[in-house]
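Please read the structure below before turning to the comments.
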Amino acid sequence: MRDFFSKEKGVLGSSGSSWKEQRTFSLNVLRKFGFGKRCLENQIMDEVRGLLEVIEKFGGQAIDIEEPLTISVANIICSIVFGKRFDYNDVKFKRLLFLLNEIFHVTTGSSFLVLFPTLRHVPFDIFKGQTVQRNLDEIQSFIREIIDNHRLCFDKNNINDFIDAFLLEQQNQEMEGNASFTDEQLVVTVQDFFSAGSETTVTTLRWAFLFLIHNPYIQTKLHKQIDEIIGEAIPQIEHREKLPYMEAFVLEVLRMGNIVPLGLAHCPNRDFEYGGYLFPKGVTVLPILDSALQDPNIFNNPQKFQPERFLDGEGKCKGTQKDKMIPFSTGRRVCLGENLARMELFLYLVAILQKLEIQPVDTSDLPSLKGHLGITYMPKPYKVKFIRRY
Ligand code: HEM
């Protein structure tokens, strides 16, 4: 069902036993390489520091942060998957990110393709499906090149990243006469990590900056809590509990930013009944996530940006209500990168606000809070000023 570009390979676009095998393997490897661990925290902080240096160079001028932010966040996935990061001026890497970005943007058309996969048979480019395919072909050849290099220096006693781990599993399987860990699986899985794992976090952070300039009182409160609790220390994940207002802010950005409003298409492998409705096997089911995120019965006055809704009477963060606060979806196909994304959002925001104040270019003409719906719902391009706090 969501396999129109991945041909049932990888995690995002596969289903059944192949999906189960690739998802389980990916999660195991990612845990091994640091999901939820201190080493990943250090990697994220290295990238945040790199971004702060870039911002510093602009000396408080108005900038569109999207490109440097994308390089910074994508480098975290690169470290995990490729075992290497890329320079801010690396032309090939920038091209890769541009192609990805274009996939996420093209479209109202490709959202239609996501919603109604059968439309891909329409024989012309109105849904930009061909642009997506062209970009994916170029991205995949970039990934293949990196995999080939890994294969050349492969050493089963020195497994450094996701690709190495996959190659090892491939070898083990071949010895057992099993062949589900194919080269094509690897290419598409790596592509999945990129496509699902950088644009989404970047988009969420871009919404966060936008909400901050629209709500200056929130930025003041965040600055105050960061100053009191962290001061000039290096931000760490364990500060999360001590910064409930920041936690609540991140949740509210995820709710209002509404990054994947339509969810991704699901397809039941058997008939089932839910809420009095029959869902026949094979039907396209769209888990419209914003029907929950914007539901007034769950979130009072849902159109208002209000981190306080996630705080209890003592100012502690109430946490997510698993079945209601579902920006990462829910169920067996819940976002595989949720933990990584939450770590990234917290560390980037704390480290940036620790040092900088985000100011609008013109207080009487703030950038729009109306976004653009592609595969994700993203803010339109905008500029802000990052001003040193001390
Ligand atoms: C704020 C950031 C993010 C948001 C809002 C987000 C949201 C989502 C959503 C809504 C889905 C669809 C789940 C479904 O099918 O019901 C999904 C799937 C997925 N996400 Fe994320 N995601 C984010 C970050 C990441 C990151 C950092 C990764 C990196 C590894 C990632 C990897 C994936 C993968 C591989 C899937 C497919 C899971 C499957 O089909 O089993 N995501 N994400």
*For region 331-342, Karplus couplings with θ = phi - 60° (6.51, -1.76, 1.60), whole Hz, Gly/Pro x*: x, 5, 9, 3, 3, 6, x, 4, 4, 4, 4, 5
*asked:* Output wanted: per-residue J couplings in Hz (rounded whole) for region 220-226, from phi through Karplus 6.51 cos²θ - 1.76 cosθ + 1.60, θ = phi - 60°, x for Gly and Pro.
replied: 4, 5, 5, 4, 4, 5, 5
*Hey, can you grab everything whose amide H is under 5 Å from the amide H of Leu356? Only 5+ residues off in sequence or another chain; H modelled, so Pro and N-termini drop out.*
Arg389
*What share of all Cα pairs of region 245-359, in percent, falls into each consecutive 5 Å distance bin?*
2, 10, 17, 21, 18, 13, 9, 6, 3, 2, 1
*Taking only protein heavy atoms and a 1.4 Å probe, what accessible area per residue, in Å², does the chain have with all protein chains in place?*
48 Å²
*Residue-span extension gain [Asn149 to Gln236] - 0.36 nm each, minus C-alpha spacing*: 27.9 nm
*If eta is 0.890 mPa s and T is 25 °C, what Stokes-Einstein diffusion coefficient results for the chain, Kirkwood Rh from Cα pairs, in µm²/s?*
111 µm²/s
*Rounded if a/c is under 1.5, else prolate if a/b is larger than b/c, else oblate: which is region 231-311, with a ≥ b ≥ c the root eigenvalues of its Cα gyration tensor?*
prolate
*Over region 129-283, one equal point on each Cα, no solvent: what is log10 I(q)/I(0) by the Debye formula at q = 0.12, 0.14, 0.17, 0.20 Å⁻¹?*
-0.91, -1.01, -1.05, -1.15
_Going by amide H atoms built from the backbone, whose H comes under 5 Å of the H on Thr284, apart from near neighbours?_
none
*Using the Karplus curve 6.51 cos²θ - 1.76 cosθ + 1.60 with θ = phi - 60°, work out ³J(HN,Hα) for each residue of region 280-288 in order, rounded to whole Hz, and write x for Gly and Pro.*
x, 3, x, 6, 7, 10, 9, x, 4
*If you average the sequence gap of Cα pairs under 8 Å that are 6 or more apart and divide by the length of the chain, what percent do you get for the contact order?*
23 percent
*Could you name the lysines in cross-link range of Lys20, using Cα to Cα under 18 Å and dropping any fewer than eight places away on the same chain?*
Lys7, Lys9
*In nm, to one decimal, how far is the modelled label at Met175 from the one at Glu53, with both set 7 Å along Cα→Cβ?*
4.2 nm
*asked:* Please compute the modelled spin-label separation between Glu102 and Asn300, points set 7 Å along Cα→Cβ, answer in nm with one decimal.
replied: 4.9 nm
*How large, in percent, is the carbon and sulfur part of the accessible surface of region 16-388 at a probe radius of 1.4 Å?*
52 percent
*Show the residues, 5+ positions off or on another chain, whose built amide H is closer than 5 Å to the amide H of His372.*
Met378, Lys380
*Filter the cross-link list Lys316/Lys355; Lys324/Lys383; Lys92/Lys383; Lys92/Lys370 down to pairs whose alpha-carbon distance in this structure exceeds 30 Å.*
Lys324/Lys383; Lys92/Lys370
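The values are calculated or read from the model by the stated rules, or taken from the named source; none is laboratory data. Note that the coordinates shown come from a computational prediction; the quantities given were computed from them, not determined experimentally. All Cβ positions, glycine included, derive from the backbone under ideal geometry; neighbour counts span all protein chains shown. Heavy atoms of the whole protein, side chains included, go into the accessibility calculation; ligands, DNA and RNA do not. Shrake-Rupley method; radii C 1.70, N 1.55, O 1.52, S 1.80 Å.
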